[in-house]
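Peer 1: Right, I'll just put the structure down here and ask away after.
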Amino acid sequence: MLEYKRDGWKAALCLAPMLLMMTVFTFWPIVNSLIMAFLEDYSFGGMQSHLYARVLGGGTYNGIGFKNFIQVFNEADFWTALKNTSVMVFISVPVTVILALAIAVGLNSTKKMQGFFQTVFFLPYVTNTIALGLVFGSVFHIEYGLINKLFGTQGLSWINQGATWWRAMFVLMVYTVWNGLAFKIIVFLSGMQSIDKQYYQAAQVDATPRWRVFKRITVPLLSPMILYITITSFIGAFKAYSSVIAVFGTGAYGPAGNEKMMITIVGYIYDKMWQSGTPYGVGAAGSLILFIIILIITIAQLQVSKKRVHY
Amino acid sequence: MEKASNVISNNPVKTVHQSVDVRLQNLTKEFTEKSGKRTIAVNDFSVVIPAGKLIGLLGPSGCGKSTTLYMIAGLHKPTAGSIFFGDDDVTNMPPEKRGIGLVFQNYALYPHMTVRQNIMFPLENLRVEKNEAAKLAQEMAELVHIGDLMDRKPNQLSGGQQQRVAIARALVKKPRVLLLDEPLSNLDARLRLQTREEIKRIQRETKITTIFVTHDQEEAMSISDEIVVMNEGIRQQMSHPQAVYDEPVNMFVAKFLGNPPINIIPAKISAGQLILEDGIVLEKGYEVDDKDVFIGLRPEYLKISLNGKLKTQIDLIEHIGRDTMIICKIVGTDTSIRAIVPSIKDLAVDQQISFTYTKIFVFDKLTGERYK
């Protein structure tokens, strides 16, 4: 063991490039935005530099406090974004996980064509997000969309001008589920295939009905993967941004005429960072709020999982 | 729901099972690989396993014994032949309807359930009422001596304890037949000895017809009421363990049983005489055509004697406590033989000694069939 310990510098050398990149592109920006969130009316550059702003590379501010947060909470856009994001998270994630589990079970129990179906279900994963968005955009198009043609509902706006919030949300939800399904199916399927077949044979000898086999054997033995998928999906869904851009194709967060209808928290933060006249601190405060929301949800999940996940 | 629990509560606290005999008739299993290559794992296998007995299915690995067990369990479907439990034809019955308890080689205990939950699991499927199920599980656990480990998880148990849990889980639903796949192979030597006695005891107490599979002759011989020796999917011999050892039907069985293994000496029968390679006539009066044969001599059948016909030169002497094992070469041949004789001190390497024998087997060189 000691011999290896002396090789510590070798390990450090191997890790150095990655650590350097992480510092520049991850840790430092996190520290920056943390500081920025509490600097009131911070503005970058200029001739003079205030004390804490020097850490950020210079600039001026009018004080330290919660002004940025207060502004965030006072903006209607933020609350719209929070509502939209929450609805997406709490509906699309459970739906995706359950659907992925069901499809994985199905795939796992078919011997024939398994490889074929595996490829089919994995296709969305290798498809580009924007391309997928374009497909959705055309499928749900008001005039020549497949959906409207199929159901004879020409003129019903899903994502075009005049779309209601629920219809737009529905399309967004279908898109999110579809986009996230492939990876989850593959993870669940590989997890199921690594479960010892003898558990199932033992269950069969004991005349265990299929549903109970699933509930009492498959799910508990798969629980570490279900937890992993659930947590990463929640985090991913809270960070929703490109899906909205991709589906509406207007370059904004909603159909023409209502560009902010489907704004998400990340969308809101992005806007604040680039909006002229808005201090940088507001966007930083927004991202800190998002971070805290994700942190709370993840801790809650880990707590709940302690009793239900079997390693 | 009531029906099932009534049936069970009507004969309470009895671990005695209804015993049935198990009959396998011309059982054949053929596996077809993807390449189209066919392998006959079990070939026209017929055997009657008497009710309430402990039977060891013995053979080298790949001989089809596990396949046979899984066919009895219903997890493999036979290509041909039939399986009867008593008068019940179970050949096409799914495993869950057969009323079997199966203990897997690696036990297949559900890792996320406690011992109690594991044992109660089969009862859950029979819709036994919860308190009743807990009681039955406790009884089973007591039977296999793990009553105090009920709240542990399988990974907190030793191999031997896991084995017992697996047996309790298999027995709790009162199956007609108990099947064990290589029950001792995952245990260390000491536990193995202990557990095999335990299996014997549990089987005696429950009187359940039990079939277990093993490649370990000692294991099979020590606990089985009868053993079935298999090779290449074909039944070789079935009898009481000692009877199989004393009177093997062919050279395979003779060689497979016995530790240290039997001595095999090339010889020929010519004009009714059994002649060794060095020309010595060992015995007379064989009423078979002239042919090449193998002589089978168990190490303990050999006795040192001044006028013995087997003349040998000692290569190696091993003192193994009570006995002495001598490895020696038959003079004038390359054949080495092993003899176990009562402990003697005045022997030396390269010394020439002669043996007589108390018993001899003679096998056909080509078919392995036994003449004597």
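Each value in this text was obtained by applying a stated rule to the coordinates, not by laboratory testing. Small disclaimer: the values here were computed from a predicted structure and weren't measured. Note that each Cβ is placed from the backbone with ideal geometry, even for glycine, and that neighbours are counted across all protein chains shown.
Peer 1: When N is the residue count of region B:188-273, what does its C-alpha Rg come to as a fraction of 2.2 N^0.38 Å?
Peer 2: 1.34
Peer 1: Quick check: pseudo-label points 7 Å beyond the Cα along Cα→Cβ at A:ASP7 and B:SER270, how many nm apart are they?
Peer 2: Each label point is offset 7 Å from its Cα along the Cβ direction, giving 6.9 nm.
Peer 1: Describe numerically, in nm with one decimal, the distance between label points set 7 Å from Cα along Cα→Cβ at A:ASP196 and at A:ALA102.
Peer 2: 3.2 nm
Peer 1: Work out which trypsin sites (Lys or Arg not before Pro) in chain A are exposed loop sites (DSSP not H, G, I, E or B, at most 11 other Cβ within 10 Å) and give the longest gap free of them. Write out the running numbers ahead of the final one.
Peer 2: Working: sites that count: A:ARG6, A:LYS111, A:LYS112.
With trypsin sites (Lys or Arg not before Pro) excluded where exposed in loops, chain A gives A:113-311 as its longest stretch.
Peer 1: Let me ask something additional. Where a ≥ b ≥ c are the square roots of the eigenvalues of the C-alpha gyration tensor, would you call region B:311-361 rounded, which needs a/c under 1.5, or, failing that, prolate if a/b is larger than b/c, or oblate? Before the final figure, lay out the partial values.
Peer 2: Working: a/c = 1.91, a/b = 1.23, b/c = 1.56.
Oblate shape, in that a/c is at least 1.5 and b/c is the bigger or equal ratio.
Peer 1: Okay, next question. For chain B, what is the charge dipole size about the Cα centre, in debye to the nearest 20, if Lys and Arg each add +1 at the Cβ and Asp and Glu each add -1 at the Cβ? Intermediate values should be presented prior to the final figure.
Peer 2: Details: 47 positive and 46 negative charges, 168 e Å.
With only Lys, Arg, Asp and Glu charged at Cβ, the dipole is about 800 debye.
Peer 1: Indicate the gyration tensor shape class of region B:235-297 (rounded, prolate or oblate), computed on the Cα atoms with a ≥ b ≥ c the square roots of the eigenvalues: a/c under 1.5 is rounded; otherwise a/b larger than b/c is prolate and the rest oblate.
Peer 2: prolate
Peer 1: To the nearest 20 Debye, how big is the dipole of the protein assembly as shown about its Cα centre, given +1 on the beta carbon of each Lys and Arg and -1 on that of each Asp and Glu?
Peer 2: Details: 69 positive and 57 negative charges, 276 e Å.
Magnitude of the dipole: close to 1320 debye.
Peer 1: Let me ask something additional. Throw me the Rg/Rh for the protein assembly as shown, computed over C-alpha atoms with Kirkwood Rh, two decimals.
Peer 2: 1.17
Peer 1: Sticking with this one: By what distance, in whole Å, do the Cα atoms of region B:2-255 stretch along each of the three principal axes, largest value first?
Peer 2: Ordered largest first, region B:2-255 gives principal extents of 54, 40, 37 Å.
Peer 1: Continuing with this model, one more query. Run lengths n ≥ 4 of DSSP H only: what is the helix-derived mean residue ellipticity at 222 nm for chain A, with -39500 (n - 2.57) per run over all residues, to the nearest 500?
Peer 2: -21000 deg cm²/dmol
Peer 1: What lysines could a cross-link reach from A:LYS184, if we take a straight Cα to Cα line under 18 Å and drop same-chain neighbours fewer than 8 places away?
Peer 2: Within the straight-line cut-off, A:LYS184 pairs with A:LYS239.
Peer 1: In addition: Using r as the Cβ-Cβ distance of B:GLU33 and B:GLU283, and R0 as 56 Å, what FRET efficiency do you calculate, to the nearest 0.05?
Peer 2: Plugging the Cβ-Cβ distance into 1/(1 + (r/R0)^6) gives 0.70.
Peer 1: So, one more: Tell me, what is the percent relative contact order of chain A, built from C-alpha pairs under 8 Å that lie six or more residues apart?
Peer 2: 24 percent
Peer 1: Right, something else. When chain A is treated as a GNM, springs tying every alpha-carbon pair under 10 Å, which of A:ALA100, A:ALA12, A:ALA76 comes out with the largest mean-square fluctuation?
Peer 2: A:ALA12
Peer 1: Of the DSSP beta bridges with both residues in chain B, give the percent that are antiparallel, rounding to the nearest 5.
Peer 2: 75 percent
Peer 1: Over region B:2-255, what relative contact order in percent results from Cα pairs under 8 Å that are six or more residues apart? It would help to have the intermediate numbers written out before the result.
Peer 2: Values: 500 pairs, mean separation 70.8, N = 254.
Computed value for region B:2-255: 28 percent relative contact order.
Peer 1: Considering all alpha-carbon pairs of region A:76-308, what whole percent are spaced by more than 23 angstrom? It would help to have the intermediate numbers written out before the result.
Peer 2: On the way: 15392 of 27028 pairs.
It works out to 57 percent of all Cα pairs.
Peer 1: Okay, next question. Explain nothing, just the number: dipole magnitude of region B:206-271 about its Cα centre with +1 on each Lys and Arg Cβ and -1 on each Asp and Glu Cβ, in debye rounded to the nearest 20.
Peer 2: 220 debye
Peer 1: Turning to a different aspect of this structure: Measuring from centroid to centroid over Cα atoms, what is the spacing of region B:311-367 and region B:68-90 in Å?
Peer 2: Rounded to whole Å, the Cα centres lie 46 Å apart.
Peer 1: Still on this structure, please answer the following. List every residue whose amide H lies under 5 Å from the amide H of B:LEU180, counting only residues 5 or more places away in sequence or on a different chain, with H placed 1.01 Å from N in the peptide plane.
Peer 2: Excluding prolines and chain starts, which carry no amide H, the hits are B:VAL103, B:ILE211, B:PHE212, B:VAL213.
Peer 1: Turning to a different aspect of this structure: Using the Karplus curve 6.51 cos²θ - 1.76 cosθ + 1.60 with θ = phi - 60°, what ³J(HN,Hα) values do you get for each residue of region A:264-278, in whole Hz, with x for Gly and Pro?
Peer 2: Ordered by residue, 3J(HN,Hα) equals 10, 4, 4, x, 4, 4, 4, 4, 5, 5, 10, 5, 6, x, 9 Hz.
Peer 1: Would you mind checking which residues have amide H under 5 Å from B:GLN237's amide H? H placed 1.01 Å from N; only 5 or more apart, or other chain.
Peer 2: B:VAL229
Peer 1: Between A:SER49, A:SER287, A:SER233, find the one with the highest GNM mean-square fluctuation for chain A; connect C-alpha pairs within less than 10 Å.
Peer 2: Among A:SER49, A:SER287, A:SER233, the largest mean-square fluctuation in the Gaussian network model of chain A belongs to A:SER49.
Peer 1: Please state the shape class of region B:65-201: rounded when a/c is under 1.5, otherwise prolate if a/b exceeds b/c and oblate if not, all from the C-alpha gyration tensor.
Peer 2: Numbers: a/c = 2.10, a/b = 1.32, b/c = 1.59.
Here region B:65-201 falls in the oblate category.
Peer 1: Can I ask one more? FRET efficiency for B:ALA80 and A:LYS306, Cβ-Cβ distance as r, R0 = 56 Å, nearest 0.05?
Peer 2: E(calc), rounded to 0.05, equals 0.55.
Peer 1: Okay, moving on. Quantify how strongly other chains surround peptide A:203-215 by giving the mean number of their Cβ atoms within 10 Å of each of its Cβ atoms.
Peer 2: Counting other chains' Cβ atoms within 10 Å and averaging over A:203-215 gives 5.
Peer 1: Where in region B:233-324 are there trypsin sites (Lys or Arg not before Pro) that are in a DSSP coil and have at most 11 other Cβ atoms within 10 angstrom of their Cβ?
Peer 2: Passing sites in region B:233-324 are B:LYS284, B:ARG322.
Peer 1: Grab the beta carbon distance between B:GLU197 and B:VAL331, set R0 = 51 Å, and tell me the FRET efficiency rounded to 0.05.
Peer 2: Values: r = 45 Å, r/R0 = 0.88.
It comes out at approximately 0.70.
Peer 1: Over region B:256-372, what relative contact order in percent results from Cα pairs under 8 Å that are six or more residues apart?
Peer 2: With pairs under 8 Å counted, the relative contact order is 26 percent.
Peer 1: Check each of the trypsin sites (Lys or Arg not before Pro) in region B:29-58 and keep only those in coil by DSSP with at most 15 other C-beta atoms within 10 angstrom; list them in order. Each step should come with its number before you reach the end.
Peer 2: Numbers: sites: B:LYS29, B:LYS34, B:LYS37, B:ARG38, B:LYS53; in loops: B:LYS34, B:LYS37, B:LYS53.
Answer in residue order: B:LYS34, B:LYS37.
Peer 1: Give, in whole angstrom and from largest to smallest, the semi-axes √(5λ) of the equivalent ellipsoid of region B:244-372, with λ running over the eigenvalues of the Cα gyration tensor.
Peer 2: The three semi-axes for region B:244-372 are 25, 17, 11 Å.
Peer 1: Which Cα, out of B:ILE337, B:THR358, B:TYR286, lies furthest along the positive dipole direction of region B:260-364 (beta carbon charges, K/R +1, D/E -1)?
Peer 2: With unit charges placed on the Cβ atoms, the residue in question is B:THR358.
Peer 1: Calculated from DSSP H runs of 4 or more alone, at -39500 (n - 2.57) each and per residue, what is the 222 nm mean residue ellipticity of chain B, nearest 500?
Peer 2: Values: 10 runs with 97 residues, N = 372.
Dividing the helical sum by the residues of chain B leaves -7500 deg cm²/dmol.
Peer 1: Each label point is 7 Å from the Cα along the Cα-to-Cβ direction; what then is the distance between the points at B:THR356 and B:GLN313, in nm?
Peer 2: Inter-label distance under the simple model: 2.6 nm.
Peer 1: Test of understanding: extend the Cα→C-beta vector of B:ASP323 to 7 Å, then name every residue of region B:340-360 with backbone N under 11 Å from that spot.
Peer 2: B:340-343, by backbone N distance to the label point.
Peer 1: Now for a different question. Would you mind checking region A:254-288 for residues with the amide N under 16 Å from a putative spin-label position 7 Å along Cα→C-beta of A:LYS239?
Peer 2: From region A:254-288, the list is A:264-270, A:287-288.
Peer 1: What residues have an amide H closer than 5 Å to that of B:TYR357, excluding those fewer than 5 places away on the same chain, when H is modeled at 1.01 Å from N in the peptide plane?
Peer 2: Amide H to amide H, under 5 Å and 5 or more residues apart or across chains, B:TYR357 pairs with B:LYS303.
Peer 1: Under 19 Å Cα-Cα from B:LYS97, which lysines qualify once same-chain neighbours fewer than 8 residues away are excluded?
Peer 2: The reachable lysines, counting only those whose Cα sits under 19 Å from B:LYS97, are B:LYS3, B:LYS77, B:LYS173, B:LYS174.
Peer 1: Quick one: A:MET36, B:MET150, fewest Cβ neighbours within 10 Å first, how do they rank?
Peer 2: Exposure proxy ranking, most exposed first: B:MET150, A:MET36.
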